[in-house]
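We did not get these values from a lab; they are worked out from the coordinates using the rules stated. Remember, predicted model here, so these are calculated numbers, not experimental data. Every residue, glycine as well, gets a Cβ built from its backbone with ideal geometry; the counts of neighbours run over all protein chains shown.
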Ligand SMILES: [Zn+2]
């Protein structure tokens, strides 16, 4: 009798609650995936489905399903597991399970991450926003609000903000396909009077948790345009020009952000 059989018997005996059962079954699937045991993984996923089908899904159980999606989502770097994960998402998208807005958002994030992995694997490159937003959504909905000292959180938000400034068309796409994730974008956009002041606010926060003396802003800009070029190779020249503007800006030049202020009084102030 393997661990899973043992555990199923234990659950059926009624000695444990649904919530911990879901988490334990998820851990078993995770071990299968890490061991590369496809057959056992499929078998254990089927047991999880059977268990969910036979259980009352209360609020606590929903939280476990959310945690379970988070855990399994991180295993998608194994290409063979992606179809299993996609199957899990469609299973829990069933009306019976989908009862809270929180789960709805997590499903959005999980679907987007699943697509991102797939696109990346096909060398087609997904749009930038779908790669950044799941990370932000994870902070929002995974373990609650990010702590004040979380540099990654603000860096991701900064990337998203920069993207929002430049690629408004993709936001309409996002709103249509991923309403839950779009809420993240709206939250960010609504918190300030302008993208520029929000960008500076985030940069200060990022700076607060980065080693002093690092030319942070130029590094962010450079990595931003590197990423954009990978995603939109046909726009390489345009991105190169923007990057050069930022690289050359200094002192009394007009700031490349378009504020009309001198660089040293605007973004240069943050370098
Ligand atoms: Zn500026």
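Quick rundown of the values:
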{"item": "Sequence ranges 240-248, 63-71, 224-232, ranked by mean other-Cβ count within 10 angstrom, highest first", "result": "63-71, 224-232, 240-248"}
{"item": "Residues residue 171 and residue 218, FRET efficiency given R0 of 30 Å [Cβ-Cβ distance, rounded to 0.05]", "result": "0.70"}
{"item": "Residue order, fewest to most beta carbons within 10 Å, for 26, 18", "result": "18, 26"}
{"item": "For 17, 32, order by how many other beta-carbon atoms lie within 10 Å, fewest first", "result": "17, 32"}
{"item": "Virtual spin-label span in nm between residue 37 and residue 247, 7 Å along Cα→Cβ", "result": "5.2"}
